[in-house]
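First comes the structure, then the notes that go with it.
The values are calculated or read from the model by the stated rules, or taken from the named source; none is laboratory data. If you're wondering where the values come from, they're calculated on a predicted model, not measured in any experiment. Please note: Cβ atoms are built from the backbone with ideal geometry, for glycine as well, and neighbour counts cover all protein chains shown. Ligands, DNA and RNA are excluded from the accessible area calculation, which covers all protein heavy atoms including side chains. Shrake-Rupley method; radii C 1.70, N 1.55, O 1.52, S 1.80 Å.
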Amino acid sequence: MLVYIIRRIMQAAFVIVVMSVLVYVGIFLVGSPVDILINPEMSEAEMEAVTKALGLDRPIWEQYFIFVGNALQGDMGKSFVFGQSAIKLIVERIPATMELAIISIIISLVIGIPLGMYAGLRPDSVGGRSIMAGSILGFSLPNFWVGLMLIMFFAVMVGWLPAAGRGPTVDVLGIDVSFLSLEGLKHLILPAITLALSKTALVVRLARAGVREVLPMDYIKFARAKGLPRRRVVSVHVLKNIMIPIVTVTGLELGSVVAFAVVTETVFAWPGMGKLLIDSIGNLDRPVVVAYLMQIVFLLVVLNLIVDVLYSILDPRVRLQEQKA
Amino acid sequence: MTDTALQSQGAETGQGGSLLRRFAAEFAESKLALVGLVGFAIIVFIALFAPFVAPQDPYDLASLDIFDVRLPPGSVGQETGITYWLGTDAQGRDMLSAIMYGLRVSLFVGAVSAVVSLIIGAAVGLTAAYFGGRVDSIIMRIVDIQLSFPAILVALILLSILGQGVDKVLIALVIVQWAYYARTARGSALVERNREYVEAATCLGLGHGRIMFRHIMPNCMPPLIVIVTIQVADAIALEATLSFLGVGVPVTEPSLGLLISTGFDYLLSGKYWISVFPGVALALAIVSINLVGDQLRDVLNPRLKR
């Protein structure tokens with residue numbers, strides 16, 4: 001058991017190292033940031049001074065090791081544009097993105113599970129079929145397109161909801177959240193629905209497949225034979241048993257929701273990490289891009305690690321198979 | 001295998017013509033899939049023949065009239081005399097023509113990236129399954145790691161490194177997508193590799209390459225075909241997203257995503273047509289391909305055979 005966990009942690013560390021090299025070297029190949037930071041009237045000497053001050057005159061591997069050394073101390077360099085610590089810029093925006101991501105996941109579960117269960121219980125009904133057809137739409141329509149249509153309808157045509165930005169925030173235990181005020185909620189709802197849509201489709205499919213699998217089981221027949229009301233069989237016996245895959249996949253999908261928040265935040269001008277990333281790519285603000293990518297790589301790897309380890313605890317076959325290979 | 005199963009298998013392999021007809025009949029069972037197929041055919045037709053069916057050449061600056069900028073749908077150009085059924089954009093381009101040409105770029109990117117990643121992914125997946133052992137575990141580890149990162153993120157990193165351009169978008173999409181094909185190809189090749197016909201081919205002394213690509217691969221195609229249709233739609237959506245974010249195709253060759261992106265600036269001022277109509281075209285393309293893919297999966301899946 002311990003051997004398996006140690007091996008998985010080493011593997012995760014290896015992936016993080018490889019990704020850091022790829023990201024750093026890759027981003028380094030993008031044009032020199034000095035070009036956009038200086039104004040054309042600067043003299044050669046001034047330009048050199050700027051280059052030197054940013055440490056860009058050193059060879060790339062030296063820059064990489066300086067970067068790793070600093071990164072381990074929680075310093076990923078200063079933003080070329082804002083002049084602040086890149087990590088600080090990102091950390092400041094984490095609450096906005098996480099709020100959006102978590103609300104979206106809640107929406108997708110609250111809407112997806114009942115719809116999926118209905119489709120699983122009545123697979124041939126008109127409702128069940130429409131839900132499944134709808135889930136194809138949810139899967140396939142691009143995130144930004146959905147956001148655009150929602151803005152088009154709710155902000156431009158009927159004017160009920162704001163099209164952009166984050167509403168006023170309330171400080172809860174040092175974290176700014178916006179869902180506690182009406183104005184904040186109004187700003188939150190469209191981006192959250194946009195981000196939730198594809199995950200809702202996923203939850204619908206998982207719930208439906210789960211119900212179809214669980215229904216023919218003996219314990220369901222037994223519960224029915226005991227004379228339990230249908231409502232109780234569905235809401236206790238079926239629901240409990242389909243939750244395992246749904247919870248696992250939802251946990252794994254958190255990383256992908258944060259990644260897709262890049263698109264949603266850009267559409268709705270939501271001041272989170274994703275919008276910062278897109279702005280920074282546009283500005284060639286290298287430290288911020290590298291810091292964001294490293295942070296999300298870290299998040300994804302850790303999420304995968306946690307899920308894998310939990311799985312190996314729950315299902316010993318996983319780690320035994322691994323040891324054999 | 002039971003007698004009836006043997007019989008039905010005999011019927012399937014008996015005549016090539018009836019197999020195809022049966023396939024068509026099964027596909028046509030879903031009305032929705034037929035609608036998707038028709039939609040897909042229309043879209044491919046428009047994309048292929050855009051220069052002949054479009055009222056205007058949106059790339060030809062001489063044919064544009066600066067007085068026709070941002071006209072609502074149904075207006076008639078003063079100098080050009082063209083009726084702009086879907087309005088015009090900020091450069092005075094006819095939206096209908098721009099959408100037809102944009103569809104071309106989008107479909108081209110989707111189809112080419114899907115085919116290239118199919119070839120790479122199938123070859124890698126087959127190699128992994130055929131040789132097994134160390135080769136297999138190394139390849140599949142790489143695939144697993146790649147698939148644990150969201151496609152949009154990988155593509156975004158790659159394009160921020162590579163820069164803009166249709167060719168660069170293609171490279172990014174292939175790098176993002178090959179792993180799906182590799183996993184699928186490996187899965188079905190693992191089953192096939194233990195079949196007797198592979199053993200027979202090995203006994204005949206045929207080379208590894210020949211057995212892999214001439215004997216095993218044709219039998220792995222059905223699931224791969226399903227993945228291709230779904231991945232084409234995914235690639236189109238991903239390309240549109242990247243172009244929307246400003247890291248995709250260049251302004252000179254606007255895809256649907258880029259058209260939506262440029263129109264987005266005018267959406268809030270009520271000039272909806274610049275953004276919404278390319279959006280509708282994009283949605284129709286993606287949904288019709290997905291409907292076809294969904295039905296193909298049901299028809300080609302032997303587990304669901306009635």
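Quick rundown of the values:
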| read-out | value |
| --- | --- |
| Residue among A:Val249, A:Val234, A:Val262, A:Val238 that is in the same structural domain as A:Ile107 (by TED's automatic domain parsing) and without any contact (Cβ under 8 Å) to a residue 24 or more places away in the chain | A:Val262 |
| Odd one out for B:Ile274, checked against (1) touching a residue at least 40 places away in the same chain (Cβ under 8 Å); (2) over 19 Å from the mean Cα position of the chain (by Cα); (3) over 23 Å from A:Gly138 (Cα atoms); (4) surrounded by fewer than 24 Cβ atoms within 10 Å (Cβ to Cβ) | (4) |
| Sole residue being crowded, with 16+ Cβ neighbours inside 10 Å, within 16 Å of the chain's Cα centre (by Cα), away from chain A (no Cβ under 11 Å) and closer than 30 Å to A:Gly251 by Cβ, chosen from B:Ala185, B:Ala172 | B:Ala172 |
| Identity of the residue in the stretch B:233-251, assigned to a loop (DSSP other than H, G, I, E, B) and more than 9 Å from B:Gln164 (Cα to Cα), that ends up most open to solvent (accessible area, probe 1.4 Å) | B:Val251 |
| Residue list for the stretch B:86-137, restricted to those being without any contact (Cβ under 8 Å) to a residue 60 or more places away in the chain, in contact with a Pro (Cβ under 6 Å, 6 or more places away or on another chain) and assigned to a loop (DSSP other than H, G, I, E, B) | B:Arg93 |
| Given (1) open to solvent by less than 20 Å² (accessible area, probe 1.4 Å); (2) more than 22 Å from A:Glu213 (Cβ to Cβ); (3) not basic (Lys, Arg), index of the condition A:Trp145 fails | (1) |
| The stretch A:231-253 - residue that is at pLDDT 80 or above and polar (S, T, N, Q) and, of those, farthest from A:Ile296 (Cα to Cα) | A:Ser235 |
| Scan of the stretch B:139-169 for residues that are closer than 17 Å to B:Leu245 by Cβ, more than 10 Å from chain A (Cβ to nearest Cβ), open to solvent by less than 40 Å² (accessible area, probe 1.4 Å) and in a helix (DSSP H, G or I), ordered by number | B:Ala155, B:Val166, B:Val169 |
| Residue match in the stretch A:189-201 (condition: closer than 24 Å to A:Asp124 by Cβ, open to solvent by less than 50 Å² (accessible area, probe 1.4 Å) and either among the hydrophobic types (A, V, I, L, M, F, W, C) or in the same structural domain as A:Trp160 (by TED's automatic domain parsing) (or both)) | yes |
| Checklist (1) surrounded by fewer than 16 Cβ atoms within 10 Å (Cβ to Cβ); (2) away from chain A (no Cβ under 14 Å); (3) of a type outside the set (A, V, I, L, M, F, W, C) applied to B:Asp265, failing item | (2) |
| Residues of the stretch A:238-254 satisfying the condition of being surrounded by 18 or more Cβ atoms within 10 Å (Cβ to Cβ) and either among the aromatic types (Phe, Trp, Tyr) or farther than 15 Å from A:Ile106 by Cα (or both) | A:Val238, A:Leu239, A:Ile242 |
| Which numbered condition B:Gly263 misses (of (1) within 27 Å of B:Gln177 (Cβ to Cβ); (2) touching a Ser or Thr at 6+ places or on another chain (Cβ under 7 Å)) | (1) |
| Flag if B:Asp298 is more than 20 Å from the chain's Cα centre (by Cα) and more than 9 Å from every other protein chain (Cβ to nearest Cβ) | no |
| Verdict on B:Gly205 being part of a loop (DSSP other than H, G, I, E, B) and over 30 Å from A:Asp279 (Cα atoms) | yes |
| Count - residues of the stretch A:281-300 that are more than 9 Å from chain B (Cβ to nearest Cβ) and either under 12 Å from A:Ser104 (Cβ atoms) or open to solvent by less than 10 Å² (accessible area, probe 1.4 Å) (or both) | 5 |
| Failed item, numbered, when A:Asp124 is tested on (1) outside any helix (DSSP H, G or I); (2) open to solvent by less than 70 Å² (accessible area, probe 1.4 Å) | (2) |
| Residue identified as open to solvent by 50 Å² or more (accessible area, probe 1.4 Å), within 11 Å of chain B (Cβ to nearest Cβ) and modelled with pLDDT of 85 or more among A:Ser130, A:Ser135 | A:Ser130 |
| B:Leu204 being open to solvent by 40 Å² or more (accessible area, probe 1.4 Å) and either in contact (Cβ under 8 Å) with a residue 40 or more places away in the chain or among the basic types (Lys, Arg) (or both) | no |
